[in-house]
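Here's the structure, in structure tokens; my notes come after.
The values are calculated or read from the model by the stated rules, or taken from the named source; none is laboratory data. Everything quoted here is computed from the prediction, not taken from an experiment. Cβ placement follows ideal geometry from the backbone for every residue including glycine, while neighbour counts extend to all protein chains displayed. All accessible areas refer to the heavy atoms of the entire protein, side chains included, with ligands and DNA or RNA removed. Shrake-Rupley method; radii C 1.70, N 1.55, O 1.52, S 1.80 Å.
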Amino acid sequence: MQSLMISVSGVRGVVGESFTPEVISRFAAAFGTFCGGGTVAVGRDTRISGPMVEHAVYAGLMAAGCTIIRLGISATPTVQLAVEKLEADGGIAVTASHNPPEWNALKFIGNRGLFLSESDVNTLMEAVRDGSFQYVDHMHLGEVSLEKNFNNEHIKAILNAEVIKPDVIRKKRFRVAVDCVNGAGSRILPELLEELGCDVVKIHCEPDGVFPHGLEPIPENIGELCSTVVDSGADIGFACDPDADRLAVVDEKGIPIGEEYSLVLAAMLVFAHQPGSTATNVSTTSAVDFIAESFGRKVCRSKVGEIHVVQKMLEYNCVIGGEGNGGVILPAVHYGRDAMVGAALILQLLAEKEKKLSEIVNELPHYHISKLKAPFDSQKILDTLKKLQRNAAGAEIDTTDGIKMLFPNHWVHIRPSNTEPIIRVIAEASSKQQADEIAAKYLAMVTA
Ligand code: MG
């Protein structure tokens with residue numbers, strides 16, 4: 001049986017195994033208590049187990065005295081924005097993001113629309129473990145509101161962001177192919193693109209949770225989008241994951257440019273219009289540093305995980321941020337990774353540059369990232385990190401999250417997973433072969 005996985009991004013498990021209604025409603029009740037029995041917005045992605053999980057969440061929240069704002073099928077960033085704008089006391093996004101269909105999860109959102117901090121997650125998990133949360137009596141049970149979809153407000157917030165100029169994009173009449181993997185982005189992403197005057201060619205935009213291919217928007221999963229771009233003569237292709245917080249881009253030739261570059265392109269636009277720096281995690285491509293340097297800006301690096309990046313962005317008042325997995329954060333809209341925000345920023349860039357996407361990408365350094373993982377005994381981590389440090393002559397060392405060794409022409413980042421007994425090795429170099437070789441060499445070293 002797969003055990004329940006608890007991390008800074010929430011709690012997840014396999015439905016019918018570890019992720020049962022009892023478990024789900026217990027977490028929801030503890031979260032409801034954490035929110036002071038106030039108002040909680042709840043949205044879900046499209047997976048088949050969504051309605052069961054959603055109802056177990058309602059039961060837990062109502063039992064804790066919470067009033068529930070039902071958002072229905074919603075992207076995770078839409079839930080985050082709704083919490084902030086509706087001034088709710090918290091939010092729950094029911095989504096296992098890119099995990100396989102049998103998984104589901106709860107992502108907990110605090111009253112400002114940000115994911116809970118690490119210490120708040122720890123407090124919540126302690127309450128679940130100790131049962132130190134409150135069920136109210138029958139006179140004080142919470143209520144469920146009528147369903148209120150927040151997609152239109154989300155689209156409006158993006159169109160109103162200062163850096164987005166809808167009229168400039170509309171004049172270009174872009175043709176855009178889009179693959180939402182039949183997930184929570186299936187309505188909102190095409191609708192946003194239509195608002196921006198695009199001729200939208202949709203594939204897998206039925207929000208029925210029947211996932212047509214692998215769920216991460218990585219090149220091996222989006223071949224059909226690439227051929228749709230070519231066949232339809234599109235200017236660009238967009239793919240998102242099931243809860244639409246991650247965005248990947250395909251150029252007009254049908255080439256996936258790699259999800260690491262979604263943030264790079266977004267930053268290129270924002271830096272051209274606004275002073276300020278960017279934040280991203282330590283595993284994200286050095287192409288971000290290239291763009292920041294070309295505008296004389298700073299890159300603040302955080303631990304891996306959206307909330308860590310967001311905390312850096314708040315600390316340094318960053319104008320753009322995100323993660324190399326395709327997560328773009330524009331604080332002018334909200335502090336959350338948002339595929340819709342990413343798409344609007346990249347279309348604005350395309351409109352302003354008056355070049356084809358492949359030409360814009362060609363002006364950037366071509367880095368390749370190789371990501372490997374292996375089972376690992378977490379007791380050994382300190383010894384392993386010390387050994388790596390001893391063998392890292394000539395490298396600049398960054399210990400923000402595990403260890404990152406920056407050499408003149410490549411880097412390698414080694415970190416234990418927060419959620420699984422595995423170690424991750426990420427290497428970036430100027431060729432795929434070199435990145436693969438470096439990652440394999442270090443993986444062999446840490447697992448020896
Ligand atoms: Mg996701």
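Can you tell me how many residues in the range 30-53 are open to solvent by 10 Å² or more (accessible area, probe 1.4 Å) and among the charged types (D, E, K, R)?
Taking the range 30-53 as the starting set, the residues that turn out to be open to solvent by 10 Å² or more (accessible area, probe 1.4 Å) are 33-39, 44, 48-49, 51-52.
Now restrict to residues that are among the charged types (D, E, K, R): 44.
Looking only at that region, the number is 1.
One line per residue, one yes/no per condition, for (1) over 17 Å from residue 258 (Cα atoms); (2) outside the structural domain of residue 443 (by TED's automatic domain parsing); (3) under 23 Å from the mean Cα position of the chain (by Cα):
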site	(1), (2), (3)
316	yes, yes, yes
325	no, yes, yes
346	no, yes, yes
354	yes, yes, no
373	yes, no, yes
382	yes, no, no
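Residues checked against (1) assigned to a helix (DSSP H, G or I); (2) more than 26 Å from residue 261 (Cβ to Cβ); (3) in contact with a Gly (Cβ under 9 Å, 6 or more places away or on another chain):
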| position | (1), (2), (3) |
| --- | --- |
| 385 | yes, yes, yes |
| 392 | no, yes, no |
| 415 | no, no, yes |
| 418 | no, no, yes |
| 434 | yes, no, no |
| 439 | yes, no, no |
| 443 | yes, no, no |
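As an exercise: evaluate residue 3 against (1) modelled with pLDDT of 95 or more; (2) in contact with a Gly (Cβ under 8 Å, 6 or more places away or on another chain); (3) farther than 23 Å from residue 306 by Cα and give the number of the one condition it does not meet.
The one condition residue 3 does not meet is (1).
May I ask you to list the residues in the range 311-328 that are acidic (Asp, Glu) and open to solvent by 10 Å² or more (accessible area, probe 1.4 Å)? Walk me through it before giving the result.
Just the residues of the range 311-328 that are acidic (Asp, Glu), to begin with: 315, 323.
Passing the criteria: only 315.
With surrounded by 15 or more Cβ atoms within 10 Å (Cβ to Cβ) and among the polar types (S, T, N, Q) as the only criterion, which of 122, 151 stands out? So that I can check it myself, show each step before the final result.
On the way: 122 fails: surrounded by 15 or more Cβ atoms within 10 Å (Cβ to Cβ).
The unique qualifying residue is 151.
Considering only the range 345-367, I want to know if a residue exists there that is loosely packed, with under 13 Cβ neighbours inside 10 Å, charged (D, E, K, R) and in a loop (DSSP other than H, G, I, E, B).
Scanning the range 345-367 turns up at least one residue that is loosely packed, with under 13 Cβ neighbours inside 10 Å, charged (D, E, K, R) and in a loop (DSSP other than H, G, I, E, B).
Could you tell me which of the residues 300, 318 is touching a Cys at 6+ places or on another chain (Cβ under 7 Å) and either within 23 Å of residue 219 (Cβ to Cβ) or free of Cβ contacts under 8 Å to residues at least 24 places away in the same chain (or both)?
Details: 318 fails: either within 23 Å of residue 219 (Cβ to Cβ) or free of Cβ contacts under 8 Å to residues at least 24 places away in the same chain (or both).
Unique residue meeting the criteria: 300.
Please determine whether any residue of the range 252-265 is touching a Pro at 6+ places or on another chain (Cβ under 9 Å), in a strand (DSSP E or B) and buried (at least 24 other Cβ atoms within 10 Å of the Cβ).
no
Answer yes or no as to whether residue 63 is buried (at least 24 other Cβ atoms within 10 Å of the Cβ), modelled with pLDDT of 95 or more and among the aliphatic types (A, V, I, L, M). Can you show your working first?
Details: buried (at least 24 other Cβ atoms within 10 Å of the Cβ): no; modelled with pLDDT of 95 or more: yes; among the aliphatic types (A, V, I, L, M): yes.
The answer is no for residue 63.
Filter the range 198-248 down to residues that are part of a loop (DSSP other than H, G, I, E, B) and among the β-branched types (Val, Ile, Thr) and give me whichever is surrounded by the fewest Cβ atoms within 10 Å (Cβ to Cβ). Lay out the reasoning, then the answer.
Going through the range 198-248, the residues part of a loop (DSSP other than H, G, I, E, B) turn out to be 198, 204-218, 222, 233-235, 241-246.
From what's left, among the β-branched types (Val, Ile, Thr): 210, 218, 222.
Values: 210: 13, 218: 19, 222: 27.
Here the residue is 210.
Can you run down the residue pairs with Cβ atoms below 7 Å, 6 or more apart or on separate chains, where the first is in the range 143-162 and over 23 Å from residue 29 (Cα atoms) and the partner is assigned to a loop (DSSP other than H, G, I, E, B) and of a type in the set (D, E, K, R)?
Close Cβ pairs (under 7 Å, with a partner that is assigned to a loop (DSSP other than H, G, I, E, B) and of a type in the set (D, E, K, R)) amount to 151/187.
Tell me which residues, restricted to the range 87-111, are open to solvent by 30 Å² or more (accessible area, probe 1.4 Å), more than 15 Å from residue 69 (Cβ to Cβ) and either without any contact (Cβ under 8 Å) to a residue 60 or more places away in the chain or more than 12 Å from the ligand (Cβ to nearest atom) (or both). So that I can check it myself, show each step before the final result.
Within the range 87-111, the subset open to solvent by 30 Å² or more (accessible area, probe 1.4 Å) is 87, 89, 98, 100-102, 111.
Now drop any that are not more than 15 Å from residue 69 (Cβ to Cβ), which leaves 98, 100-102.
Those that are open to solvent by 30 Å² or more (accessible area, probe 1.4 Å), more than 15 Å from residue 69 (Cβ to Cβ) and either without any contact (Cβ under 8 Å) to a residue 60 or more places away in the chain or more than 12 Å from the ligand (Cβ to nearest atom) (or both): 100, 101, 102.
Test residue 55 against the criterion of being assigned by TED's automatic domain parsing to the domain that holds residue 139 and within 14 Å of the ligand (Cβ to nearest atom), and give yes or no.
Criteria not met by residue 55.
Quick check on my filter: what residues within the range 417-437 are open to solvent by 20 Å² or more (accessible area, probe 1.4 Å) and within 14 Å of residue 404 (Cα to Cα)?
Correct list: 424 only.
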